Every structure is written in C-alpha cells, then in structure tokens.
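Chemist: My questions all concern the structure below.
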Amino acid sequence: MFKRILIANRGEIAVRIIRACKELGIESVAVYSTADKDSMHVFLADQKICIGPPPASKSYLNINNIISAALLKKCDAIHPGYGFLAENAEFAMLCSKNNLKFIGPPEEVIRLSGNKSKAIEIMKQNKIPIIPGSNGNVKNEKEALSIAKRIGFPVILKSSFGGGGKGMRICNNPKELLDSFHITKSESLSSFGSDHTYIEKYIQKPRHIEIQIIADNYSNIIGIGERECSIQRRHQKLIEEAPPENISLKTIKQIKECAIKAASIIHYNNLGTFEFLVDSNENFYFIEINARVQVEHTVTEMVTGLDLIKHQILLSSGEKINQIDNNLTGIKQKGKAIEFRINAEDSENNFIPSPGKINNCFFPGGPGIRLDTFIYPNYIIPPYYDSLIAKLIIWGNNRTEAISRSKRALQEFHIDGIKTTIPFYKKILENKNFIQGKIHTHFIEEEFEF
Ligand code: MV4
C-alpha cells in the first residue's frame, strides 16, 4: 500500500482525492500554483508544495516540477485526477521511470485511448458496434468522398487525437465535406500534433451514455454502472445522472457487456469509462475511452455506495478486485443520482466566466445531498483554471424524488459575489422534457437557446 500520494491537481477533485487518502490512512501532498495558495486542497492535505506561477502550463501541466515535487516529498505515487496530466502518456511514463506509481491505467492504454480512430478500428475488428465510417485515418479528399457516398450524408469529420468536441465538423453534402476536409486536417495538426482525421455517419440527436469500468492488474474487469451524460452545452457537460432514464434494461445490458468486452480487448486496467452514442431506436455505438476518473464518477458512487477513488488507489497499489470487495461483481445500483456542475459562469449572459470573490456562501444539506466543492466564504476564484466550483449531487429513491430534492437543494444553495449556473438549473428542473427524461445531446440548444 502507498505511504504518501502527491495529488497533481487542484479544485474539487484534489479535495476529493485527499479525502480518499485520509480514509485509507495515506498521507497526501498538495501541489499548488501561486494563484492557489489559499485554495482548499492546500489546507486539507498533509503537506503542500508550490509548483509554479498561475498559468497551468507553468504549474499543473509542468511535468518536471511535479515529478521533482513528488521526489522531494518522498511520495510513492501520483494521482493526476482529471484534466491536466491525467491522460498524458509521457507523464505516466516519466512517473514510472522515477519509481512513482501513476494512479491510472498503463501508459499504453492511455496512448491508445488518446488515439480515437485507432481505438475504433480495434473495436471494429472485435465486433463491438461502432458508427459506420472510415474506421481509421482518411488520407485524402477522394477517399473521404467515397466513404461519405457509401455511408450517406450527413457525415462528421473528427480529429483522431481531438477531444471535448474540438476538431469536429458536420458535413451535409460533398461540397461541405471538401471545404471541411483540409481545414479539419490542418487544425488537427496545429491543435493536437497530428492531422489524423476520421469520418463517421452523423447521428442526429444521440444520447451520450457511458459505462464505468473497474479493472485490476489480474484481468478482472467489472462494469460498475451506467451514466447518462447528454445534458451538455458546447461540449461541456452540465448535468449527469445514474442510471439513465427511458432506456430498456436490455439495451443497457448489451452496452455494458460491450464495454466490458472492449476493456478486456485492450487490456484495460484501473478505473475507466467507455463512452457510447445511443440513437432514438436504441442502436448504440462505441465512441471513445476515458482513461481517467471522471468529474461525474460521483453519481455512480451515490447509486452504488462505492468510493471509486479509494478503489482506484487500491487497484493501483496492486490489490485484486475481490480482495477489495467480495460483492463487487454483483454490484447493484439503487435509486437515482443527479449531478449539477456548479460553474462560476453567468448563465444569463452566454455562460461567460465569472471568477472573483465569494463574499458569502450557504450550502444545502439534509437527506440525499452531497456537495463536492472547494469554495468557502471570502475565497477568491482565480481566473486561470476551469470554472467548475462545486458539484451538487442528489440522491433519491427514484427520479421524481431526486428531482424534487434537487429543486429544494438548489433553492437552499447561496453563493454571493459571483454568478453561477444555479439559476439555469432551476429552470431546467421546470422543463417538461427534462422532467419526463426526454433528453439527448441537443436538449439545451433546443429548449433554451433560440
Ligand atoms: C458524434 C455525434 C453524432 N454523430 N458522432 C461530441 C464529442 C465527442 N465525444 C463525440 N461527439 C459527438 N459525436 C457522430 N457520428 C454527436 C456528438 C455530440 C455529442 C456527443 C456526446 C455528448 C454531447 C454531444 C454534443 C454534440 C455532439
């Protein structure tokens, strides 16, 4: 078991990881930029070390400073959280070179997960359902046109190494495809260091459903639960729920089996998520792998009662799944959990970032409420990092109870001094289609942005 873990992150996820370390009796070391010296994770960790100036490129993304900090503090492992270095294969490699256990999947798995068209090719070879398309890099315009003709318009061009919706273009006809092809390639090269681009049939208004996987070093793989992550705006997820509503148990069972098979094909190891798009007829397609813990892991924790971060740490230290928990294979999800990402953004004003001083705050409580946050009265949210300041996670025996509890919790929640997405969530909770669970990836633009 580890003695001391360096947490290479900030904000709510750093706090979340420190909490897991404490419960496991592991010492925690916080790293921070000079902009974060008063941040909650710095106070909660057993030790702290400054790793650079405010810009992430000079601090939380500064591989040399982070590895040096871990060595200086005599840590035996590094937890990267999500974002920053969490899916950086070079970083994972440098950790092992320095005898620091990277808490995440092996370097090769991270590398493959980052190469989306390669991952899709492998899944196709193994009969995992994928979206009809090129199943790999498209070399030139001629090839692009012939694939599009075969699968039919509209199609979508995607950068193999892209992410977060960047490097994607929808093309409705041959002209749009020809116009977009070179732009996508050159943007991919400049943004992601490779011009690899693939084509897929464009699925109208899909749902985004993902499977949480946990896998140990001994090829034991378990599907822990399913999440609905369709409620997003400009590729930023806003609300997630577990388990998904309005989808047959049969389809969920099939998706889960595919995710477990996919994980085993690529020798997945550690915590991971397999993402699927699901169309209105419940056809489902593998799209990508998230080789990290995700923001929304909490909804799965709420319906399973598991502590996924503790599991992740134990798996990394070499424990077998059945050593950790004998009942994990038969794990069941109970009730419904909904997560609201509270962002420091003005949802009334095009969601522009709203950093600054929290003059005061009051947090909701009572049955079924969990709040993962790092804010406190008089804390100043720095402008340098993402705008997520809290995750409000609600549990109910069923979706109706989860929704009424969510309304109550959002009414209790007060953050004074900055704008947040709380008012927007109050509106969503009054939306008829949301209440009926009629949601898909274009829900927000259809219902709220005219
Ligand atoms: C798609 C798609 C429709 N058809 N692929 C967006 C991010 C990336 N992970 C995949 N994405 C999509 N891929 C095909 N062939 C629609 C989306 C998409 C989306 C997916 C998941 C969650 C939100 C989304 C919002 C818009 C578009």
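The values are calculated or read from the model by the stated rules, or taken from the named source; none is laboratory data. Please read these numbers as outputs of a predicted model, since none were measured by experiment. Here the Cβ positions follow ideal geometry from the backbone for every residue, glycine too, while neighbour counts run over all protein chains shown. Only protein heavy atoms, including side chains, enter the accessible area calculation; ligands, DNA and RNA are left aside. Shrake-Rupley method; radii C 1.70, N 1.55, O 1.52, S 1.80 Å.
Chemist: Out of all the residues in segment 158-175, which are of a type in the set (A, V, I, L, M) and under 22 Å from the mean Cα position of the chain (by Cα)?
Modeler: Matches in segment 158-175: Met168 only.
Chemist: Being in a helix (DSSP H, G or I) and among the hydroxyl-bearing types (Ser, Thr, Tyr) is the filter here; which residues of segment 297-336 pass it?
Modeler: Within segment 297-336, Thr298, Thr300, Thr304, Ser316, Thr329 meet the criteria.
Chemist: So for segment 106-117 (the condition being within 13 Å of the ligand (Cβ to nearest atom), open to solvent by less than 30 Å² (accessible area, probe 1.4 Å) and part of a loop (DSSP other than H, G, I, E, B)), does at least one residue qualify?
Modeler: no
Chemist: I'd like the full set of residues that are touching a helix residue (DSSP H, G or I) at 6+ places or on another chain (Cβ under 6 Å) and crowded, with 23+ Cβ neighbours inside 10 Å, limited to segment 92-105.
Modeler: Ala92, Phe102, Ile103
Chemist: Report the residue count in segment 283-293 for those that are in contact with a Cys (Cβ under 9 Å, 6 or more places away or on another chain) and either part of a loop (DSSP other than H, G, I, E, B) or away from the ligand (no atom under 16 Å from the Cβ) (or both).
Modeler: 0
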